[in-house]
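The values are calculated or read from the model by the stated rules, or taken from the named source; none is laboratory data. Not measured: the values here are computed from a predicted model. Using ideal geometry, Cβ is built from the backbone for each residue, glycine included, and neighbour counts are taken over all protein chains shown. Side chains included, ligands, DNA and RNA excluded: accessible areas come from the protein's heavy atoms. Shrake-Rupley method; radii C 1.70, N 1.55, O 1.52, S 1.80 Å.
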Amino acid sequence: ANRKPPMAVTMLFIAVSGSLCLLASRRLVLCSLITLQVVRSFAIIPFFSKRCLRVRVSNSFAASTMAGEPVSTIDDPYSWLEQVESEESLQFAKDANEACLNALGDPTKSDTGTYDRVLSVLESDDRIPYVSNYGWDDDGNQVLVNFWQDSKNPKGIWRRTTMDSYCTKNPEWKTMLDVDELAKKDDISWVWKGATPLPRARDPLSEGGRKVTRALLHLSRGGSDATHVKEFDMVTGDFVSEDPFILPEAKSRVSYRSRDVLTVGTDFGPDSLTDSGYPRTVREWVRGTDLEDAPVVFEGDKKDVSVGVYIDDQRENNGGIYEICCRSLTFYTSKYWARKIQYEHLLAPDDPARVAAPEPDDFVEVDIQEDAEIDFVGNLIIVSLRSDWDPVPGQQKFKQGSLIYTDAETFFENGKEGCEFKILFEPTERTAEDSFTLTKNYLILSIMDNVKSKLQFFKVGEDGNSLTLVGEDKEAVIRSANASPLDRVESDQFWFTTSGFTQPSTLCLANASKIESPESKKKAEIYVEREVKSLPDQYDSTGLEVTQRVAMSKDGTEIPYFLICKKDAVLDGTVPTLLYGYGGFEVSLTPRYVASSGLAWLERGGAYVEANIRGGGEFGPKWHQAALKENRNKAYEDFIAVAEDLIDSGLCKPETLAIRGGSNGGLLMGNMYTMRPDLFGAIHCAVPLLDMQRYHTLLAGASWMAEYGDPDTDDWKFLKQYSPYHNIDEKCKKYPDILVTTSTRDDRVHPAHARKMVKKLWDMGQGKDWPVYYYENIEGGHGGAADAKQSAFMTSLAYDFMWDTLTGKKK
C-alpha cells in the first residue's frame, strides 16, 4: 500500500484476533485481512492516523502536564481499578466473569451452537490464506508468505509457498516458525503480531534484489500492543544467531534502513517519551553495537504525540530515495522534514561506501498545512489535504479532501510558491479518497462513492514525473474492493479482493496494464486475469437483501446506513435488529463479508445494520471533522436518528433493537446507554472509553485529545456532556441490559474504563432494574482476544446475550 513501512503494524493484529477489524487510518488498504472474510465485530481506535504516527511505541502511562488543579486529579472512589494487574483489580475481574457466566451461561456449553460455529469458521481450512510477496527462491519461483491459525495451530504458523503452488486448490506449505512451539519453549503465551521484511532493494545479499533474506518478527505476550522484536533469517529458516537485532518488550517501531542498520523508536529510558507516552526520539542502530549507544538522529518536543523517521524508496517507480522525519503535533497535525538521499546514506556510518559517498542534502521543512499528509510516487510528492489550501495566497485553492501533487525536487528547492500543483483526486459531496497503492507502472486509487467502492488507474510516467488517468471502474458498487501489489519491483500485477455483506471474499490476480486495452471500455473489471481463491458461504444468506437507506439527523444532515435483512421481513416491530456504529478517527465502515453477524444473527431471522455516522471517514475529512470535540454530539445524534428510523420503518421497536460498538464505538455505546435508555433493548459495549475526565491520563489516551478535547481545560465543559461515567442517572428506573467486555492486556484503551463504569453501575443500581454484565478477558489486547478460541468465546457471548435479551430467552 502507499503507507508501506507501517502497514505491517496494522495487518498483523487482525490475523490473531479474529474478532475485529483494526483500521489504522482512512487509507488502510485491506490486502491481507484474513478475518475480514469471517468475523468482524468492531472497529477500534487506531495506533495513529498518519504514516509517521503509525508506529509501535513505548508502553507507559501518560500524565497530565497542565498547571493548577486539573479535573483529572479529582478524587475518584473507583480509581483503584486503574491498577491493571493489582490483586484487587484482578479479583474484581475474576468475580465479575464468574457472575457473568452464571447469569448468561457459558457460550462454549450453550445449546445455541454459536460458539462452535464461530470457532469452526475461524479455524476453517476454507479461509483464504492471504499472502505477502517475499521475492524469489533459488529455482526462480516467486515466494509467498502467510500466517495461519487453525485448530491444530491455535497460536499460528508462519509459512511459505510458491506462486505456482499457491494457485492450486491445495498449496504445499513449508512452516518457517511455529508460534505454539515457540510459546512452549519460552514458556510465554506468544501472540503473533507480524513481520517486517528487509527490503530486497536495500540488501546486498538479496542476489540482485531477488530474495528477502531477513525479517523482524513482532511477538506479543498475551496480545497486547507491546511486542518483543526478534530477527529471523529467511535463508536458514531460524532466528539470526550472529549479532541479531533484538528488542525487549515495548511498543517499538523498528524498520530496516539497510541490512545492518535499523531506525528505532522505543522507550530508551528517562526523557525518551512524549507526554503521550510515545517515542520522542529516533535512533540509528548499527548491527553489532549496543542499542543504548545508538545515536539520536531525530527528536521532537515532550508535548508532541510522537516522532518518526522513515524511508520511502521510489526507485521502483523511476524516482529517488526519500528520507522523511515527522513530528506529530497532535493526532491529526504534523510537521515534516524531507530530503532526497542515495542508497549509500542508508549504510552504517563506517561502511566504506557510505564514507566515500558525498554528504546528503540537508533536510528541508515541508511547507504544507499542519493537517496535511505527504507521500512520494516516483519523483513526485503527493499532498493529502484535510482542509482547503491555497499554496500561493490569492491563487488556486484546492479543496479539502483532495490529493494534489508536484515535482518533489522543485518543491524542496523552490518551496510551494515555485511549484505547479496538479489534482490527482478532488472530492464531491458524496465521494472521498480511500487509499492508493502502487504497482511497477501504475497508481491504483480507491474511491468511496456514497460508501460504495470504485477504482481509478493512473500511469506513472517513465521518468517518474507524471501521473495520467488511463482508466476507471464504470460505476461504484456496494462492496469492498481492495488492491495490493503482487511485486511492485517487477510487475503490474496486483491482488484484487472483493466482498460484500452477503458475498464471501474473492481473491483474484489482476493486472493494472490491462486497463489500457481497447476492451476496457466494453468489459467491466478488464484488469482481472483470474480468480485464485474464494471463500465458500459461511452462513445461509438465502432471501437476504442489502439496501442502503438514509436517516435524517437532528440538524437535517442525511445519514446513510446499510440494512441487511430478509426481503419479506414483516414490518411489525418484531424483527430482532442489531445496529452497529463507530463514528470516530476518520474510520470508514464499508460493505464487507462478516460471517459472525451472518451465522449468529442473520440466520436466526434478525436484521443487521451499519450506520455511517459523522466522525467517520466515509465522506472525507469534513465528515470526520463535523463530530470533533465540542461537536461530538453530532455523531450521537446521527446514531439515534438511524435507530429511530429503523423503529419508524416498522422493522423493530426499542425492545427488539440491540446496538454494538467497541473502542471509540464503546464510547458511543456508553452514551447511548446514558442518553437514550428508552431506545434500546440490549447493548454490547466492548473495550470502551467511558471516563472522559481521566482518559488522557490512561495509557495511550493523551494522544487522542485532538479527537475528543483536553479535560484539564475548558474542554471539560463539553466533554462532561458525553462522559458516560459521569452521566449515570441515579433517578433512572430502567436502563437497558448491557454487556461490557474488555481485556486485561489491552494497553491501548485502559480496562479501567470498563471496570469503573461497571462497578459504579452496580453500586448505584442496587435495588433498581439495571441489568449489567461484565466480562474481562485476561489476554487479548485491544482486540479483546488472543486466539481463535478466545475470539469465538467473546463473539458468541456477545451475540447470544443480545439475541436472548431481545427475544426473551435470557436466563
Tell me yes or no: at least one residue of the range 83-92 is in contact with a helix residue (DSSP H, G or I) (Cβ under 9 Å, 6 or more places away or on another chain), surrounded by 15 or more Cβ atoms within 10 Å (Cβ to Cβ) and over 22 Å from M764 (Cα atoms). yes
Looking across the range 263-288 at residues that are touching a helix residue (DSSP H, G or I) at 6+ places or on another chain (Cβ under 7 Å) and within 23 Å of M705 (Cα to Cα), the single one that is surrounded by the fewest Cβ atoms within 10 Å (Cβ to Cβ) is D275
Filtering the range 641-685 down to residues that are in a loop (DSSP other than H, G, I, E, B) and in contact (Cβ under 8 Å) with a residue 60 or more places away in the chain yields S649, G650, L651, K653, S663, G681
Which residues, counting only those in the range 536-556, are hydroxyl-bearing (S, T, Y), under 27 Å from the mean Cα position of the chain (by Cα) and surrounded by fewer than 17 Cβ atoms within 10 Å (Cβ to Cβ)? T547
Condition test on D260, is it open to solvent by 10 Å² or more (accessible area, probe 1.4 Å) and within 20 Å of D313 (Cα to Cα)? yes
Just to be sure before I move on: is N170 outside any strand (DSSP E or B), without any contact (Cβ under 8 Å) to a residue 24 or more places away in the chain and not small (G, A, S) in the structure I sent? yes
Scan of the range 484-535 for residues that are open to solvent by 20 Å² or more (accessible area, probe 1.4 Å), of a type in the set (G, A, S), under 16 Å from K459 (Cα atoms) and not in a loop (DSSP other than H, G, I, E, B), ordered by number: S513, S520
Can you tell me which of (1) hydroxyl-bearing (S, T, Y); (2) in a loop (DSSP other than H, G, I, E, B); (3) open to solvent by 10 Å² or more (accessible area, probe 1.4 Å) is the one S255 doesn't meet? (2)
Go through G701, G670 for me and flag whichever is open to solvent by less than 10 Å² (accessible area, probe 1.4 Å) and at pLDDT 95 or above. G670
Would you mind finding the one in T162, T196 that is farther than 19 Å from R259 by Cβ and either of a type in the set (S, T, Y) or without any contact (Cβ under 8 Å) to a residue 24 or more places away in the chain (or both)? T162
Of all residues making up the range 286-318, the number that are more than 30 Å from N465 (Cα to Cα), under 28 Å from the mean Cα position of the chain (by Cα) and not charged (D, E, K, R): 3
What's the total number of residues in the range 93-105 that are open to solvent by 40 Å² or more (accessible area, probe 1.4 Å) and within 30 Å of the chain's Cα centre (by Cα)? 1
Within the range 322-333, identify whether any single residue is among the polar types (S, T, N, Q) and within 30 Å of D463 (Cα to Cα), and answer yes or no. no
Do you know which residues across the range 113-135 are open to solvent by 30 Å² or more (accessible area, probe 1.4 Å) and under 16 Å from M176 (Cα atoms)? S132, N133
Just one of the numbered conditions (1) over 30 Å from A682 (Cα atoms); (2) at pLDDT below 95 is not true of I128; which one? (2)
For the range 763-792, give me each residue that is among the hydrophobic types (A, V, I, L, M, F, W, C), modelled with pLDDT of 95 or more and touching a helix residue (DSSP H, G or I) at 6+ places or on another chain (Cβ under 9 Å). W770, V772
Out of F298, F331, which single residue is open to solvent by less than 40 Å² (accessible area, probe 1.4 Å) and closer than 23 Å to L247 by Cβ? F298
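Okay, residues lined up against (1) touching a Gly at 6+ places or on another chain (Cβ under 8 Å); (2) crowded, with 23+ Cβ neighbours inside 10 Å; (3) of a type in the set (G, A, S):
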site	(1), (2), (3)
D572	yes, no, no
L578	yes, yes, no
Y582	yes, yes, no
V587	yes, yes, no
A595	no, yes, yes
Qualifying residue in the range 723-741 (condition: out of contact with any Cys (no Cβ under 8 Å at 6 or more places or on another chain), more than 22 Å from Q790 (Cβ to Cβ) and of a type in the set (A, V, I, L, M)): yes
Is it the case, given these coordinates, that S151 is out of contact with any Ser or Thr (no Cβ under 8 Å at 6 or more places or on another chain), open to solvent by less than 20 Å² (accessible area, probe 1.4 Å), hydroxyl-bearing (S, T, Y) and modelled with pLDDT of 65 or more? no
Could you list, in sequence order, all residues of the range 457-504 that are closer than 30 Å to G140 by Cα and of a type in the set (G, A, S)? G461, G464, A483, S484, S491
Tell me which residues, restricted to the range 600-632, are of a type in the set (D, E) and more than 20 Å from the chain's Cα centre (by Cα). E603, E630
Residues of the range 264-308 being part of a loop (DSSP other than H, G, I, E, B), of a type in the set (G, A, S) and on the phi < 0 side of the Ramachandran plot, which ones? S272, S276, A294, G300
